[in-house]
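Peer 1: Below is one structure. I have some questions about it.
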Amino acid sequence: ELGTFLATMKAIQAICKECSSGSNKLRALVASFSPLRSVTKVLNARTDVQLWNQVTRARRDEGAERQHGLAVVDAGEPHAAGGVAGEARTHPDDLPIRLDAVSYSVGDSHPLFRGIHLELPQGRIVNISGQHSAGKTTLLRLVAHQIFPESGSIFVPAHLRILFVQQEPQLLDRPLLDNLTLGLSAVKEADVQRAPGLGLQNTLDMLDQEAAGKLNQDLDKWVKGLTSSAICLFCLARAFVMNPEVMVLQKPFLPFQKETERLLMRLLREHVENRGLKADPATVAERRPRTVFFSSDEDETNFADVVWNLEMVGDEKGG
């Protein structure tokens, strides 16, 4: 009888162990329902793929049409893209950025812009200024294709990459190098070397530590080595590293003191004039023009090539 009792207890113990394991698995399964519900909701949400296909197709078609109308005869040296002097060619770099009859409202009844017509040659620095609530950020986001006008059109040649950098710094929960080179399909040493120009030598030192396996790659670990202003500079450095043809910046000078502001202005000017920060000056003609849009509360007429000043007219805003 004792043997039977011990065997029974052992069997009960095994059953309890299996039940405990099953209970833990069930709790883990139930805990996954909420994340799975969120993922399912995201996967079934409406996307803007169709809208982006329409926008991309419209940019491409309009670019081809405008380029066809820009046949140029060079009497002198051949164009950087190649060809024979005197041959009729079209220059994609001559295509302007245009806003044609653009209207946009906030909500259902608050018109912000109505019928805006603007044209800008590539290779300029544009300051979008105006008083509070005049629509500076909205116009930036329209140019950057973050949002789209209710009517009218915004034409940015389809071959130009647009990068929008918002005022609040954004970091991924990824290693330092992945954050710095976000948006690049292939990372080159020359790209990363644009960071020191912004006074981020400390960032490069941290990259060396990361490559040597001496830096914790968790975001909440390596970001502790950066001050709040350095994080803002880091996000701007990421824009220079990506080197887009159209850079759109929301109040880039606001977090910094005058010395850093002047440094950033100098680097943005080099980015435009050299068609890429720290790029080889000898090959500047082989690269696409660089255009920069930025917003500020005051006119930066001493720095910008063009100022678009937004003024509120009555109950409406205009540009």
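Peer 1: Compute the signed sum of charges (Lys and Arg +1, Asp and Glu -1) over the other residues within less than 12 Å, Cβ to Cβ, of H145.
Peer 2: Every neighbour counted, the sum reads +2.
Peer 1: Give the ranking of R290, R266, R124, R66 by solvent-accessible surface, highest area first, calculated with a 1.4 Å probe.
Peer 2: R266, R124, R66, R290
Peer 1: Could you please put L26, L140 in sequence from largest to smallest accessible area, using a 1.4 Å probe?
Peer 2: L26, L140
Peer 1: Next question, about the same structure. With a 1.4 Å probe and all protein chains in place, put M312, M247 in order of accessible area, largest first.
Peer 2: Ranked from most to least accessible, the order is M312, M247.
Peer 1: Which distance in Å, rounded to a whole number, links the C-alpha centroids of the stretch 266-287 and the stretch 147-168?
Peer 2: 22 Å
Peer 1: Right, something else. Whole-Hz ³J(HN,Hα) for each residue in the stretch 226-238, computed from phi via Karplus 6.51 cos²θ - 1.76 cosθ + 1.60 with θ = phi - 60°, x for glycine and proline: what do you get?
Peer 2: Those phi angles translate into 10, 6, 4, 5, 5, 5, 4, 5, 4, 5, 6, 4, 4 Hz.
Peer 1: Here's a follow-up. Can you give me the convex hull volume of the Cα atoms of the stretch 126-183, divided per residue and expressed in Å³? Mind showing how you got there, number by number?
Peer 2: Details: hull volume 7.8 nm³, N = 58.
Convex hull of Cα atoms, per residue: 135 Å³.
Peer 1: Could you run the Karplus curve 6.51 cos²θ - 1.76 cosθ + 1.60 with θ = phi - 60° over the stretch 34-39 and give me ³J(HN,Hα) per residue in whole Hz, x for Gly and Pro?
Peer 2: 5, x, 5, 5, 5, 4
Peer 1: Separate question: Using a cut-off of 9 Å between beta-carbons, work out the net charge of the residues near K136 (Lys and Arg +1, Asp and Glu -1, K136 not included).
Peer 2: Around K136, the surrounding residues sum to 0.
Peer 1: Sorted from largest down, give the three principal axis spans of the alpha carbons of the stretch 248-317, whole angstrom values.
Peer 2: Extents along the principal axes: 51, 27, 18 Å.
Peer 1: Quick one: what Rg and Dmax do you get for the stretch 275-314 from the alpha carbons, in Å?
Peer 2: 15.3, 51
Peer 1: Same structure, new question: Could you pull the Rg and Dmax for the stretch 94-170, using just the Cα atoms, both in Å?
Peer 2: 12.9, 38
The values are calculated or read from the model by the stated rules, or taken from the named source; none is laboratory data. In this text, all values refer to a predicted model and were calculated from it rather than measured experimentally. Virtual Cβ from ideal backbone geometry, glycine too; neighbours counted across all protein chains shown. Accessible surface is based on the protein model in full, side chains and every heavy atom, while ligands, DNA and RNA are left aside. Shrake-Rupley method; radii C 1.70, N 1.55, O 1.52, S 1.80 Å.
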